[in-house]
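The values are calculated or read from the model by the stated rules, or taken from the named source; none is laboratory data. Worth saying up front: this structure is predicted, and the values here are computed from it rather than measured. Cβ: placed from backbone, ideal geometry, glycine included. Neighbour counts: every protein chain shown. Protein only, heavy atoms only, side chains kept; ligands, DNA and RNA dropped before computing areas. Shrake-Rupley method; radii C 1.70, N 1.55, O 1.52, S 1.80 Å.
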Amino acid sequence: MPSYHEPTELLDEKTRNITRALLSLKEEIEAVDWYNQRVAASQDPELKRILAHNRDEEIEHACMTLEWLRRNMDGWDHELRTYLFSEADIVEAESSSHGDEDNGATKMSGKGLGVGNLK
């Protein structure tokens, strides 16, 4: 695979599978963009419906791959739970997520200065 940045013999199977998934996700997202542009540009209603269907299939594929990454690569689960399916301000979700994490750790450990998150 041309997207390896380290010698493949140094990478375990899990890492190679993660690379495969990330490459597939990029390809699916790119296909969503292509189809979406074609839907917007087409003047033929039947073709527009077909292209929209194809675009939506690519979205399905991207979501399936994203779910695999959530289950198999550290970090995805936490970040997806922070940002997806929330009505909160997207940028503020980051600071509240990190703030909750820091405050929770301080409260649980009983160690800390009692001044909260200093970020």
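Each residue of region 10-97 gets 126 Å³ once the volume of the Cα convex hull is shared out per residue. Remark: accessible surface ordering of VAL39, VAL91 (largest first) is VAL91, VAL39, probe radius 1.4 Å.
Once all protein chains are placed together, SER42 keeps about 20 Å² accessible to a 1.4 angstrom probe. For chymotrypsin sites (Phe, Trp or Tyr not before Pro), the sites in region 1-49 that DSSP calls loop and that have at most 14 other Cβ atoms within 10 Å are TYR4. Placing pseudo-labels 7 Å out from each Cα toward the beta carbon at LEU23 and GLU57 gives an inter-label distance of 2.2 nm.
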